[in-house]
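Everything on this sheet refers to the single structure shown next.
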Amino acid sequence: MKLKLDDNGQAAVLDGKPVYVHDDGREVAFDAPGTVAAISRLNGEVRTHRERAEMAEHRLKAFAGIDDPQAAKAALSTLAGLDAGKLVDVGAIEAARAEATQAIEAKYQPVVQERDALHGELVKARIGGAFSGSRFIAEKLAIPADLVEARFGGQFRVEGGQVVACDGAGNRIASPANPGEPASFDEALAIIVSAYPYRDTILKGTGASGSGAQGGGLRGEGRHVTRAQFLALSPAGQAAVARDAASGKAQITD
């Protein structure tokens, strides 16, 4: 589009407006004041639309997280239809439900307690049986199985019906003979005893000797120490009595 010129090389004017010629040959009188007014009007409309969009966006933030507006409207309609009486009924239902739950729990609590007690006894019997039937204790240790259990029983538990052992950090002890598998009872006990600071005093045939035990003069050749007395001693005292029992200087009795 270009400005039309007359024969004198001046801008052609129509009704006081300069004439422009389009590329297709059409001639149009350019209304500059009208164009400026139109631009101003359009700018005002754009500003109004922008302000409305910003306000709508601000209001939509209050509904963030609502993916289904229809479901939300239905829920609000349901709540609006509930009167105070119905709300009281809902509270009564919840109270009745809680009361029924308490009654059921009270009724079956003895059964649950009995089950837990039986489970505890079963675990104790399984672990106690493993100690009493241990070949390692019978052949390698100088103290009875029940005293070995009293000292080391806390490191054993029942998992999947099997007695397994854990080290001091709570990690399951692995089998030296079968890598990747849990240690058998005797394998685990041998490992635990090997880490015991007083192991030489409870192993048979060590020939160990040492200072007297603490606890009321229980040491001495031919002396008899009851299990209760033995368990009441400090670890050092127990080690000393076990050492004397291994050498024949003392005997642990019931």
* Asked: So between Lys73 and Lys17, what do we pick up on full extension, going 0.36 nm a residue minus the alpha carbon distance?
  -> 14.2 nm
* Ordering of 46-53, 152-159 by burial proxy (mean other Cβ atoms within 10 Å per residue, highest first) -> 152-159, 46-53
* Local electrostatic count, Cys166, Cβ distance below 11 Å [Lys/Arg +1, Asp/Glu -1] -> 0
* **Hz values of 3J(HN,Hα) by residue in the stretch 6-21 - Karplus curve (6.51, -1.76, 1.60), Gly and Pro given as x** => 8, 5, 8, x, 9, 5, 6, 10, 10, 6, x, 10, x, 9, 10, 10
* Treat each spin label as a single point 7 Å out from the Cα along the C-beta direction, and report the Leu231 to Leu122 distance in nm. => 2.5
* Distance in nm between label sites at Ala29 and Tyr108, each 7 Å beyond Cα in the beta-carbon direction? -> 9.7
* Can you tell me the order of 166-175, 8-17 when each peptide is scored by its average per-residue count of other Cβ atoms within 10 angstrom, highest first? => 166-175, 8-17
* Structure fact -> Around Pro182 (Cβ within 14 Å, Cβ-to-Cβ, excluding Pro182; K/R +1, D/E -1) the net charge comes to -3
* Could you calculate the FRET efficiency of Arg97 with Met55 from 1/(1 + (r/R0)^6), where r is the beta carbon distance between them and R0 is 30 Å, rounded to 0.05? => 0.05
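Coordinate-derived values only; no laboratory data. Keep in mind it's a predicted model, so treat the numbers as computed, not measured. A quick note on method: Cβ atoms are made from the backbone with ideal geometry, for glycine too, and the neighbour counts reach across all protein chains shown.
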